[in-house]
């Protein structure tokens, strides 16, 4: 199975290197969206294919990356974020579930560095996550090319493109696995990129 990873990035020259390092030898497409820093240069230096767009939309950026991988013949596409670290074997875990017949895998995210947040926030996040029955994160998502196309792809929105895609996949009859067995580490930075996304959620917890 041909597989690849899409990483949308808006001014991520600082955090992107660590993200790409964890992806190892995977085929990676970094979509540098409306960047005014060295994101594209950093990505190329780390061996990623780079697409440069000016949409300022994480949905449009993910969609552009997926199109590139589908053009190359990928049958499984995973997505993560520039401020995220994936564990060894992350993509292989996705592919094992694909081999069992799942059309998509929605894994979980973990936060390990709460710098800049009030002391009560980690516990509030743990409580919130324990009660979220259907977590979906673009930082830890994978799907077959067939399911993606049938569902209409990522919408060109600034927030919520991941949940919109998974909802469309389920509506079109595809099997989506939500599992804590596939987890990544993401940042809890307060200067987040997507409005009303994961970063915004964190700032609302434990206030």
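Of note:
- Euclidean distance between Cα centres, the stretch 24-71 to the stretch 73-102, Å: 17 Å
- The listed peptides 100-107, 149-156, ordered by packing as a protection proxy, come out as 100-107, 149-156 (highest mean of other Cβ atoms within 10 Å first).
- Sites residue 2 and residue 115 - FRET efficiency at Förster radius 45 Å, r taken between beta-carbons, to 0.05: 0.70
- Of all DSSP bridge pairs formed entirely within the chain, close to 30 percent run antiparallel.
- Here the label points at residue 99 and residue 41, each 7 Å from Cα along the C-beta direction, are separated by 4.2 nm in the simple model.
- Options [x] 1, 7, 14, 17, 17, 15, 11, 7, 4, 3, 2, 1, 1, 0, 0, 0; [y] 1, 6, 11, 14, 13, 13, 12, 11, 9, 6, 3, 1, 0, 0; [z] 1, 8, 16, 21, 22, 17, 10, 4, 1, 0 - which one matches P(r) over Cα pairs in 5 Å bins from 0, in percent as calculated here: [z]
- Scoring 161-172, 70-81 by mean Cβ neighbours within 10 Å over their residues and listing the highest first yields 70-81, 161-172.
- Full extension of the chain between residue 150 and residue 92 yields a length gain of 18.5 nm, computed as 0.36 nm times the residue separation minus the alpha carbon distance.
- Its relative contact order, with pairs defined as Cα atoms under 8 Å and 6+ residues apart, puts the chain at 24 percent.
- Summary of packing: across the peptides 25-34, 178-187, 135-144, the per-residue average of other C-beta atoms within 10 Å ranks them, highest first, as 135-144, 25-34, 178-187.
- FRET efficiency, 1/(1 + (r/R0)^6) with R0 45 Å, evaluated for residue 71 and residue 123 via beta carbons: 0.50
Every number in this text was worked out from the coordinates using simple rules, so none of it is lab data. Being a predicted model, the structure only gives us computed values, none of them experimental. For neighbour counting, all protein chains shown are included, and Cβ atoms are generated from backbone atoms with ideal geometry for every residue, glycine included.
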